[in-house]
Structures are given as C-alpha cells and as structure tokens.
Amino acid sequence: MAAKALLQVEGVETYYGNIRALSGVTVAVNEGEIVALIGANGAGKSTLMMTIFGSPRARTGKITFAGTDITEMPTHEIARMRIAQSPEGRRIFPRMTVKENLQMGASLDNLQHFDEDVEKMFTLFPRLKERIAQRGGTLSGGEQQMLSIARALMARPKLLLLDEPSLGLAPLIVKQIFDAIRELNRTQGLTVFLVEQNAFGALKLANRGYVMVNGKVTMSGTGKELLADPEVRAAYLEGGRH
Amino acid sequence: MAISTAASDKAAGNNVFATAIREGLYAGLIAFGLFVLLIGLKTDQNIRNELVIVQRWGLLAIMVVIAAVGRFAYIAYAVPAIERRRAAKAAAPAATSVEESFLKRNLNTIGLAFLFLFPAIVVTFSGLQGSLKWIDNFGIQILIYVMLAWGLNIVVGLAGLLDLGYVAFYAVGAYCYALLGTEFGWSFWILLPAAGAMAAMWGIILGFPVLRLRGDYLAIVTLAFGEIIRLVLINWREVTNGVAGISGIPKVTFFGLMSFNISDENYFGKVLGLAPSGVYYKIFLYYLILLLCLLTAFVTIRLRRMPVGRAWEALREDEIACRSLGINTTNTKLTAFAIGAMFGGFAGSFFAARQGFVSPESFIFLESAVILAIVVLGGMGSLTGIAIAAVVMIGGTEILREMQFLKMVFGPSFTPELYRMLLFGLAMVVVMVWKPRGFVGSREPTAFLYKRKAVSSAFTKEGHG
C-alpha cells in the first residue's frame, strides 16, 4: 500500500518557532482517491497542507510524491511536480480578472492547453463563464472558491490539495463545490486531498479519512467507518450537520 | 406656489451668504491669530550682525484676507455648486457614462501627437532662441521624469515592491556614461545600452539580499541602498571626483553622422546649412528622450501581456498563491528589479549627456521620493496617469520658477521655486482626498473576452503585502 501511494507523508513534524504544530504525522493518499482530513480549529490541518508545499518546512520526517522526495524542494518546484493547491482563504488575485487568474493557474505549461482547459472549467463551474471579465475581488465568496479550485485545476494536477473549500459558504454552494470535486474524481480520476471542518460533508465525499487532534493523527479509516464511529460522531458530527 | 419657492430660494440664498460671511470672518480671525507671530514678525540680521525684528504687516494682511475671502467663496459658491452637481447626478444616474467624450477616448493619441509636434509648436510661437527654455526646462525635464516614473512603475506599480532607492540606478546610468564617455570617449550610442546593462546588474545585486523582504522593510533597505550609492559617489574621489562631480561629458552625436559641437567639421547646422544655434541639440535631445520614453512604455505594455508581466502583477497581489502555482518568485522579483533598473540606467545616461555634468548632488533621496510620488499620484500601474502626474508635478515646479511676479508681494528675496514641496504636498492631499488610488486608479486588464472593460478599482479589494 505505502509503495503505491501517490502522496506519502511519514512522521512529519513541523514547528512554528518553538511551537510544535505537527507531531509525527503519517498520511498516505493513493492515486484516484479522495482523502479527507478532518479536525477542529487549530488541529494542524492547514499546517499539514502547507508543509506538503514546503512552507513551513518539515523539521523531521519525509514527504514523497510519486516516488520523489519533495521534503526539501522549493515551493514552486513542488508545484511543478503537478501538485496543485486551493489554499486556505482562497487567495485568488483580487485585482486581476477571472481570466487572468486562470491564466496564472496555467502558467506551468505556458498557457499551452489554456483554451481547452478553460472550457472544461466552464462546464464544471458555469458561473465562472459569466464572470470571466470581472475582477477576482468582485466575486462572491462561493465564486471565489470556484475560481480558486479552477485556477488550481488549470495546472493539470495529479494531486489536488483543497484547504477548507466550504469555509464561509452557503450550504447550497458547498454542495455544488463538493459535487464538482466528486465529478472530477469520477470522470478524470483526479486524486484529491481535502482538509475540512465540515466533517459530515467531507467524510461523505471521501473514500478514506483521517482525524487530526492537536497535531497528531488519532484515527483513520474509510469515510463510512469514520462517519459511523461514535467518537467522531460525538466530536465532529453531533450538534448539527453543516 | 412658484412665487413661494422663489421666495424661499431667495431666503436660503441670503442665509447662505450670511453663513459665508460669518465663516469668512472666523477664518480671517483664526488666520490672524495663527499668522500674527509667524508671518507678521520676522527675525533678521542687520548689517551690524544684530538680530532685529522685521515687521511685515502688509503680508500678514494679505494672508488674512486670502483666508477670509477663500473661506467665504468656498461656503458661498463652491459648496452649493458641489451640492447641485451631486443632486443632478443623483437625478440622472449613469446617463452620462454611456458615451465617453472624444477627448477622453483618444487621450493617448492626442497626447502623443502633441508630444511629437511640441518642438515645432514652441519654435513657431516663441522663435528659435525663445523656445530653448520650453523645450529644455519643460519638455526634456518632464520626459526624463516620465521615463524614470515608468521605470519605477515596473517595480512598484506592477510587481508591488516598494523601492525608495530608485535614484541609485539613475546614478549608476549617469556615472556609467559620464566616466566611460570622458575617459575613453566612447559614443553615447554604445554607452546607452551599457549604462542600462550596468544598472540592471545593480538591480539584481540589490535584489538578491532583499528578496525575502516586503513592504516597509523593503522600503528601508532600498532607501539605504540609494544612500550607499550616493555616498560612494561622494567618497570615491579617485574615480568619481567626489562632490565636484564630472564635467565635460561629451554630447550625443546625431547617430554618429553629425555633431552638435559648433566647432566641429560636421556640425549639424553646417551640414544642413542652418544658422548655428543651441536649439537643434535640445530639439534632438527632446526627441531622443521621447523615444526612450516610448520604448519604456512599449516594453511595459508588452511585458504586461507576457507570462512574466502577469507573474509580476500576481506577485503584487499574493506572493504565497504565486508560489503555489509554480511561479519562481525569486526570478520574478529579480527580473522586475533588473528591468526597472535598466530604464533608470537609460534615463541616467541621457541625463548625463544632456547636462554635460554630473555630481552626487543630483542623486539625493529627494529624487527617489519625487519619482515615487509621481508613480503613486498617477495611479500605480497606469502609464497615462503617471505621465499626467509627471507633467503636473515637474511642470508645476518649472512654472513656479517662472512666477517672478510673486516677488512684488513677498519681497525681492523670495524664490518661488523653493516652494515646490508645497506643490507636492498640495497635489498629494488633493489626489488622496478625491482619488485615493491615484489619478488613474483603475487597472486595465490584459486579457479580454469580448471587449475591454475597466472596472473601477473602488470595487476591488486591495492586494496584501
């Protein structure tokens, strides 16, 4: 299993100054899977995402992608391995238009497949087509999230990292975005590693899931198993399905 | 009904005037209180080196009257006019914005045509000798700053790297031409690219240590860099001749074919059979700097549509997102520094050729500040806005020099050009109050779907960092 994994995170520890944010995290994402990482605020989910991208860097442990050690690689080189990220807080370019944002996403291939890929994004997120000439900063939160995901997809990634795609969005929009992710996975075999606070939606979407508490992975299993687990239910699910 | 509205209008009008008179009197009173010691009395030295108090009641009276009348006019006329305009705008929304005026649509074309015809217009109106001042002090001077500001715009406006030491590259270019031109007698046309390359190299040298810095930290380091270059120029006397500077810098030749030295065989006037005059050289320099400016603009416009230009703008918006999209931010920043510096170097070598003399005095921090002020006032990233800002700021300074009649008011020792900082301050305040994002604040998109569409920057969020 470990040998086949597309992304393998082994015993990674990350520090912010002297504060340990991740302690011995081991996570594997296999090709064609959707894997969800759930946990409370400050558990270290986003830190793991950022660590995979090399900023902050893991102090110990090893991260391999498709058999290559990427632990010490500069961030932009990691992106060139075809790992794309829709980061926390979306981080679109607010003063650039939607089209320019998408062009930035496709800059790895120097816009070679731009026209073709943009059409795919329009079928995936029709809203973006209407907004193509608008500035990123003028979009609504949900549209910005769609743009952030589309921008990441423009790089034709092998692995898509999604950091809290449902953050601050209306339930209907969240459903649209989760549907789109499922669609991408089903039709194109895109591998997705998803960080979510919205545990119910994420686990329903994912093949497998990990639970993170205080910088440690405390539990793992298939999405269904975790959804049924009484501890997970008590900690993340009871008291409202988001 | 109609009569009663008219009556109430009249009453309101009287009311406004009463308020305005009252406000005017108050303003006069406050001005008097403020200025009575500041302006009314002045300490001075007399011939025997004694400190004496000079009384300037006339000047004080003028200031108080200006304050009072200004306040009165503002309340009585300006405020109602603004109110009326606002009301009219609210009554007819968006009706005016459909068709932009001819002038507005063709601003760039008209501006360019004017710039190319400028020397001809001036010579026609004020004769060959009379035109010297206009072409040199206004035309060339303003265009040098336009070019510098457009060069800095690449670093500050596009890449979002706040550079307070841009004048360093200007100095590198100027000294590159001054030193190599006087020592080896090399032609301007060889040294122009050399100066650009030299400045670009220094841009990269500066760029490396500051790659990790952003915003205010970057500003401080670049400020220090500007000062370092200036201090080196002052203290490295063996090479740069210190504060005395370098003189006798050779003139630019007409592409090596003709010279602008009257004593030379192939003097421009002799070859073309014209009467000798200094104006030819100035006109030639005018067109030279105009072409250099256009080169800067052309390169900027082209680069913005290319991946590196897009990466600059993305970098300005969000560096982390850039990196996670596979952009090498190190190279991107270094190219911005290098290309911005290169244009500074071009402008510097032109400056040296035009002055015939360079000294560290020309490359003080104030110059960096002026160039940055032009970029900010014009609207970061907008070439048109920056050009207009340069005309206002530099042209305004030159016009101050022309206002010798002010000596009648303030006495013979008054030198109006010393008040140019006042002009800068005023322009800053005015632009920041009415157009906080600069004269042309909206960013022109580089990628279009159907047609160009500029969204006012007021609707978009500011990038961070």
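Observations on the structure shown:
- Close pairs (6 angstrom Cβ cut-off, 6 or more residues apart or separate chains): touching a residue at least 24 places away in the same chain (Cβ under 8 Å) and at the interface with another protein chain (Cβ under 7 Å from one of its Cβ atoms) in the range B:304-321, in a helix (DSSP H, G or I) and surrounded by 23 or more Cβ atoms within 10 Å (Cβ to Cβ) anywhere: B:GLU313/B:LEU158
- Criterion (closer than 26 Å to B:GLU444 by Cβ and either surrounded by fewer than 23 Cβ atoms within 10 Å (Cβ to Cβ) or in contact with a His (Cβ under 9 Å, 6 or more places away or on another chain) (or both)) met by exactly one of B:GLY381, B:GLY395, B:GLY340: B:GLY395
- Output for the range A:44-67, where each listed residue is touching a Gly at 6+ places or on another chain (Cβ under 7 Å) and either crowded, with 22+ Cβ neighbours inside 10 Å or within 14 Å of chain B (Cβ to nearest Cβ) (or both): A:GLY44, A:LYS45
- Members of the range B:314-331 that are in a helix (DSSP H, G or I), buried (at least 24 other Cβ atoms within 10 Å of the Cβ) and not basic (Lys, Arg): B:ALA314, B:LEU315, B:GLU317, B:ALA321, B:CYS322, B:SER324
- Any helices (runs of 4 or more DSSP H) falling wholly within the range A:68-131 and containing at least 1 residues that are crowded, with 21+ Cβ neighbours inside 10 Å and within 7 Å of chain B (Cβ to nearest Cβ): A:75-80, A:98-105
- Tally of residues being farther than 16 Å from B:ALA321 by Cα and part of a loop (DSSP other than H, G, I, E, B) across the range A:132-157: 6
- So B:PRO412, is it in the same structural domain as B:LEU143 (by TED's automatic domain parsing) and not in a helix (DSSP H, G or I): yes
- Residues that are within 19 Å of A:ALA43 (Cα to Cα) and loosely packed, with under 15 Cβ neighbours inside 10 Å, drawn from the range A:217-232: A:THR218, A:GLU231
- Qualifying position, being assigned by TED's automatic domain parsing to the domain that holds B:LYS133 and assigned to a helix (DSSP H, G or I), among B:LEU274, B:LEU231: B:LEU231
- Some residue of the range B:48-65 being modelled with pLDDT of 85 or more, in contact with a helix residue (DSSP H, G or I) (Cβ under 7 Å, 6 or more places away or on another chain) and farther than 29 Å from B:MET408 by Cβ: no
- Yes/no for A:LEU162 being more than 10 Å from chain B (Cβ to nearest Cβ), within 22 Å of A:GLY32 (Cα to Cα) and in contact (Cβ under 8 Å) with a residue 60 or more places away in the chain: yes
Every residue, every condition in (1) surrounded by fewer than 19 Cβ atoms within 10 Å (Cβ to Cβ); (2) outside the structural domain of A:ASN41 (by TED's automatic domain parsing); (3) in contact with an Asp or Glu (Cβ under 7 Å, 6 or more places away or on another chain); (4) in a helix (DSSP H, G or I), yes or no:
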residue: A:LEU167; (1), (2), (3), (4): yes, no, no, no
residue: A:ASN185; (1), (2), (3), (4): no, no, no, yes
residue: A:VAL195; (1), (2), (3), (4): no, no, yes, no
residue: A:PHE200; (1), (2), (3), (4): yes, no, no, yes
residue: A:GLY209; (1), (2), (3), (4): no, no, no, no
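- Only one entry in B:PHE125, B:PHE102, B:PHE72 is exposed (fewer than 11 other Cβ atoms within 10 Å of the Cβ), out of contact with any strand residue (DSSP E or B) (no Cβ under 8 Å at 6 or more places or on another chain), not β-branched (Val, Ile, Thr) and not assigned by TED's automatic domain parsing to the domain that holds B:MET408, namely B:PHE102.
The values are calculated or read from the model by the stated rules, or taken from the named source; none is laboratory data. Only a predicted model underlies this, so the values are computations on that prediction, with no experimental measurement involved. For neighbour counting, all protein chains shown are included, and Cβ atoms are generated from backbone atoms with ideal geometry for every residue, glycine included.
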